[in-house]
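Q: Supplied in structure tokens, the structure appears directly below.
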Amino acid sequence: MTETTGRLGDPVLPDQDPTRPMPLGWQEYSDALQSEWFALLDRDPEEERVQEFLELHPALIPGGTGDIGPGGNHGSDLQVVFRQPRLKGAGRDFAPDFMWVTRSSSLITPILIEIEKPSKRWFTAAGRPTRHFVDAHDQLRDWRTWFATGSNAQTFQDQYAFLGDSWRDRTLSPQYVLIYGRKSEFEVGGGHSDPAALNRKRAQLRGPDETLMTFDTLLPRFEQSSSITATMKATGPEAFTFSPLYRTGPHLLGELQHLAGVDDALSRSAMMSEERRRYLADRWQHWTDMSAREAKSGRRWVQQMGRE
């Protein structure tokens, strides 16, 4: 293992040992993940099973790379997606199934995501939105109302700007996502006499700050291949699982101390060898120690690009 424990101000390099335990290659992971994902959908899973699967594979969860909302974002802090985050403040409390908190030079864009049992239908045989869809879609309105109530927007920023004050003064611009149903409903043989017309109607159901999609549209995103699924606790974010392709490196300096629960999260992570888990735990501790030295000295390391 290549160590990087030089003097402050020296370049800090990622571990470049060619014998270190490596993650799966992207193409191998993407192919295996898509196979497992569509096999799961075809088994008519309950919502809870889909939630568990997506928690293990955040590369499937839309919104972390500027693909939802105004775009041009810098991603989420520590590449974290939150599982069932609590929206607590004035009025009712809510808990979306997932949430990214992305940012750009002028905006903070929370991406709040609702999922449902994939076999639920969008439309009745008469071409009207089903009760299940109406109820699911209404949750997006509940979240929008929550952000518009009292000081909830400021409460949200105080809780989820966990890396400091550098972007608390940016405009909050939430986006709301509903992942619902299967694309087969809008194909010939899907149970509707004119599926193309209903597909056009479906496109008109979306509000200006909303994205409505089927489960079939979820595909692995390379840009999210090193993400973390986390739970927001009263004490701050706690890792729940790491993406199977997660990589450490100098980019973590000054940030990773904000995230707790790393060892337990690595033990829950999927498609990752025991050797890789131990390696990531060791490297996380290494970069934690380096961050502590940096904070104590008041000087900054010169970070070099690269992941481990």
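The values are calculated or read from the model by the stated rules, or taken from the named source; none is laboratory data. Quantities reported herein were computed from a predicted structural model and do not represent experimental measurements. Cβ atoms come from the backbone with ideal geometry, glycine included; neighbour counts cover every protein chain shown.
Q: Do we find that Glu274 is farther than 20 Å from Glu55 by Cβ, without any contact (Cβ under 8 Å) to a residue 24 or more places away in the chain and charged (D, E, K, R) in this structure?
A: On the way: farther than 20 Å from Glu55 by Cβ: yes; without any contact (Cβ under 8 Å) to a residue 24 or more places away in the chain: yes; charged (D, E, K, R): yes.
The answer is yes for Glu274.
Q: When you scan region 243-256, do you find a residue that is under 21 Å from Gly75 (Cα atoms) and surrounded by fewer than 17 Cβ atoms within 10 Å (Cβ to Cβ), even just one?
A: Going residue by residue through region 243-256, those that are under 21 Å from Gly75 (Cα atoms) are 243-256.
With surrounded by fewer than 17 Cβ atoms within 10 Å (Cβ to Cβ) added as a condition, the list becomes 255.
Yes, that holds for at least one residue.
Q: Being surrounded by fewer than 19 Cβ atoms within 10 Å (Cβ to Cβ) and either touching a helix residue (DSSP H, G or I) at 6+ places or on another chain (Cβ under 8 Å) or assigned to a helix (DSSP H, G or I) (or both) is the filter here, so list the residues in region 257-276 that pass it.
A: We begin by selecting, within region 257-276, every residue surrounded by fewer than 19 Cβ atoms within 10 Å (Cβ to Cβ); these are 257-258, 260-264, 267-268, 270-271, 273-275.
Matches in region 257-276: Gln257, His258, Val262, Asp263, Asp264, Ser267, Arg268, Ala270, Met271, Glu274, Glu275.
Q: When you check Arg247 against the structure, is it out of contact with any Phe, Trp or Tyr (no Cβ under 7 Å at 6 or more places or on another chain), in contact (Cβ under 8 Å) with a residue 12 or more places away in the chain and part of a helix (DSSP H, G or I), yes or no?
A: In short, no.
Q: Here is a follow-up. Is at least one residue of region 149-163 surrounded by fewer than 16 Cβ atoms within 10 Å (Cβ to Cβ) and either aromatic (Phe, Trp, Tyr) or closer than 17 Å to Ile68 by Cα (or both)?
A: No: zero hits.
Q: Is region 224-236 home to any residue that is at pLDDT below 95 and either surrounded by 20 or more Cβ atoms within 10 Å (Cβ to Cβ) or in contact with a helix residue (DSSP H, G or I) (Cβ under 7 Å, 6 or more places away or on another chain) (or both)?
A: Yes, the conditions are met somewhere in region 224-236.
Q: Next question. Somewhere in region 183-196, is a residue outside any loop (DSSP other than H, G, I, E, B) and touching a Gly at 6+ places or on another chain (Cβ under 6 Å)?
A: Within region 183-196, the subset outside any loop (DSSP other than H, G, I, E, B) is 183-186, 195-196.
Next, from what is left, pick out any that are touching a Gly at 6+ places or on another chain (Cβ under 6 Å): 184.
Yes; the residues of region 183-196 include at least one that is outside any loop (DSSP other than H, G, I, E, B) and touching a Gly at 6+ places or on another chain (Cβ under 6 Å).
Q: So how many residues does region 77-104 have that are of a type outside the set (Lys, Arg), at negative phi, surrounded by fewer than 19 Cβ atoms within 10 Å (Cβ to Cβ) and in contact (Cβ under 8 Å) with a residue 40 or more places away in the chain?
A: Selection size over region 77-104: 2.
Q: Which residues, taken from region 216-237, are of a type in the set (Phe, Trp, Tyr) and either over 28 Å from Ala32 (Cβ atoms) or under 11 Å from the mean Cα position of the chain (by Cα) (or both)?
A: As a first pass, look at region 216-237 and keep what is of a type in the set (Phe, Trp, Tyr): 222.
Once the filter is applied, which keeps residues that are of a type in the set (Phe, Trp, Tyr) and either over 28 Å from Ala32 (Cβ atoms) or under 11 Å from the mean Cα position of the chain (by Cα) (or both), region 216-237 yields nothing.
Q: For region 226-242, which positions are closer than 22 Å to Trp26 by Cβ and not small (Gly, Ala, Ser)?
A: Matches in region 226-242: Ile228, Thr229, Thr241, Phe242.
Q: Oh, and also: Restricting the search to region 35-63, which residues are part of a helix (DSSP H, G or I), over 19 Å from Tyr246 (Cβ atoms) and not hydroxyl-bearing (Ser, Thr, Tyr)?
A: First pass over region 35-63, keeping only residues part of a helix (DSSP H, G or I): 35-42, 47-56, 58-60.
Keeping just the survivors that are over 19 Å from Tyr246 (Cβ atoms) gives 35, 38-42, 47-51.
Within region 35-63, Phe38, Ala39, Leu40, Leu41, Asp42, Glu47, Glu48, Arg49, Val50, Gln51 qualify.
Q: With the requirement that a residue be part of a helix (DSSP H, G or I) and of a type in the set (A, V, I, L, M, F, W, C), what does region 122-162 give you?
A: Restricting attention to region 122-162, the residues satisfying the condition of being part of a helix (DSSP H, G or I) are 131-147, 152-160.
Once the filter is applied, which keeps residues that are part of a helix (DSSP H, G or I) and of a type in the set (A, V, I, L, M, F, W, C), region 122-162 yields Phe133, Val134, Ala136, Leu140, Trp143, Trp146, Phe147, Ala153, Phe156.
Q: Please find, within region 125-162, the residue that is modelled with the lowest pLDDT out of those that are under 27 Å from Ser104 (Cα atoms), among the small types (Gly, Ala, Ser) and in contact with a Phe, Trp or Tyr (Cβ under 8 Å, 6 or more places away or on another chain).
A: Checked region 125-162; the qualifying residue modelled with the lowest pLDDT is Ala161.
Q: Output the residues belonging to region 117-138 that are farther than 25 Å from Leu40 by Cα and surrounded by 15 or more Cβ atoms within 10 Å (Cβ to Cβ).
A: Result: Pro129, single match.
Q: Looking at Phe186 and the list (1) more than 14 Å from the chain's Cα centre (by Cα); (2) within 30 Å of Thr288 (Cβ to Cβ), which single condition is not satisfied?
A: (2)
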